[in-house]
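Notes to accompany the following structure.
The values are calculated or read from the model by the stated rules, or taken from the named source; none is laboratory data. The structure presented is a predicted model; accordingly, all values stated were derived computationally and were not measured. Glycine gets a Cβ as well: all are built from the backbone with ideal geometry, and neighbour counts include every protein chain shown.
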């Protein structure tokens with residue numbers, strides 16, 4: 001294939017554009033410079049100074065806050081000590097480590113740094129209307145959260161379900177259902193007769209079920225399948241996660257993956273049923289633009305799921 005005729009797939013194209021914009025932003029903000037503006041500080045030292053302005057921290061704590069390794073955090077603190085901006089004392093909780101804190105000179109330097117940074121960002125914001133500033137703040141907050149969640153998900157694998165996964169995934173569904181009081185004697189997903197054979201249920205081309213694993217252990221999953229008696233509508237099904245998987249952003253990631261699959265399969269809408277017990281799930285679906293319905297669709301057999309929602313996929317195709 002000629003490179004002149006090569007078209008980058010949409011997800012890769014978007015990733016490339018986001019990388020480019022991130023690089024440009026880092027460069028424009030001077031984060032690759034040797035010094036932070038006109039201050040006698042490198043960018044890492046400046047960030048360390050800012051964190052020490054909030055509290056006293058050990059080297060390990062600073063490394064975690066700054067998302068750098070302990071050796072870099074240690075060097076940053078050493079340089080601040082050399083400049084007279086910080087000092088270290090023995091850690092009362094661990095005599096093998098040190099706690100860093102700002103000196104009086106360091107506090108004055110922090111004021112200078114804050115003034116410089118405030119001026120820089122005031123000049124940036126002067127180029128933008130107030131509405132756009134709010135949009136940027138919201139987008140950067142979402143971007144930052146996505147970066148943090150992607151790091152929390154390192155070491156996990158999302159893949160389509162296989163027959164060998166059936167027993168583990170069925171047990172997770174049973175355990176989570178019991179945790180939330182969703183008993184098998186009522187019309188919940190845990191009562192489905194196909195619960196122990198999920199890999200067979202999602203064999204058709206317009207359906208899929210994904211599992212999340214770590215070191216070969218199945219920890220959760222979710223799927224998409226056609227909704228009974230509703231042409232053009234699919235259903236988001238059996239989204240269950242063990243406690244070890246929660247808080248890492250996998251519910252949103254898997255839901256988005258399922259919505260993307262549904263869009264590729266040319267479904268018109270995505271339906272789901274849930275219950276008021278699952279408050280976290282409801283908030284997630286609402287944040288993904290699912291709308292509440294007054295009555296259920298199809299014939300799922302889950303009559304105990306009193307909350308029904310629908311997402312029109314035409315709105316996801318245009319974004």
| Residues satisfying the stated conditions in the range 57-85, i.e. within 18 Å of residue 111 (Cβ to Cβ) and surrounded by 17 or more Cβ atoms within 10 Å (Cβ to Cβ) | 80, 85
| query | Restricted to the range 259-286, and to residues that are assigned to a loop (DSSP other than H, G, I, E, B) and either in contact (Cβ under 8 Å) with a residue 40 or more places away in the chain or surrounded by 14 or more Cβ atoms within 10 Å (Cβ to Cβ) (or both), which residue is nearest to the chain's Cα centre (by Cα)? | reply | 278
| said: I'd like to check something: does the range 287-310 contain any residue that is within 24 Å of residue 165 (Cα to Cα), in the same structural domain as residue 182 (by TED's automatic domain parsing), touching a strand residue (DSSP E or B) at 6+ places or on another chain (Cβ under 6 Å) and surrounded by fewer than 19 Cβ atoms within 10 Å (Cβ to Cβ)? | reply: no
| request: State whether the residues of the range 244-255 include one that is under 14 Å from residue 223 (Cβ atoms), part of a helix (DSSP H, G or I) and free of Cβ contacts under 8 Å to residues at least 40 places away in the same chain. | output: yes
| In the range 178-186, is there at least one residue being at pLDDT below 90, touching a helix residue (DSSP H, G or I) at 6+ places or on another chain (Cβ under 9 Å), buried (at least 16 other Cβ atoms within 10 Å of the Cβ) and more than 17 Å from residue 225 (Cβ to Cβ)? | yes
| query | When the range 205-243 is examined, which residues are found to be more than 25 Å from the chain's Cα centre (by Cα), over 21 Å from residue 191 (Cα atoms) and part of a strand (DSSP E or B)? | reply | 233
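Which residue, of 142, 171, 149, is assigned to a helix (DSSP H, G or I), closer than 21 Å to residue 252 by Cα and free of Cβ contacts under 8 Å to residues at least 60 places away in the same chain?
Sole residue among the options that is assigned to a helix (DSSP H, G or I), closer than 21 Å to residue 252 by Cα and free of Cβ contacts under 8 Å to residues at least 60 places away in the same chain: 142.
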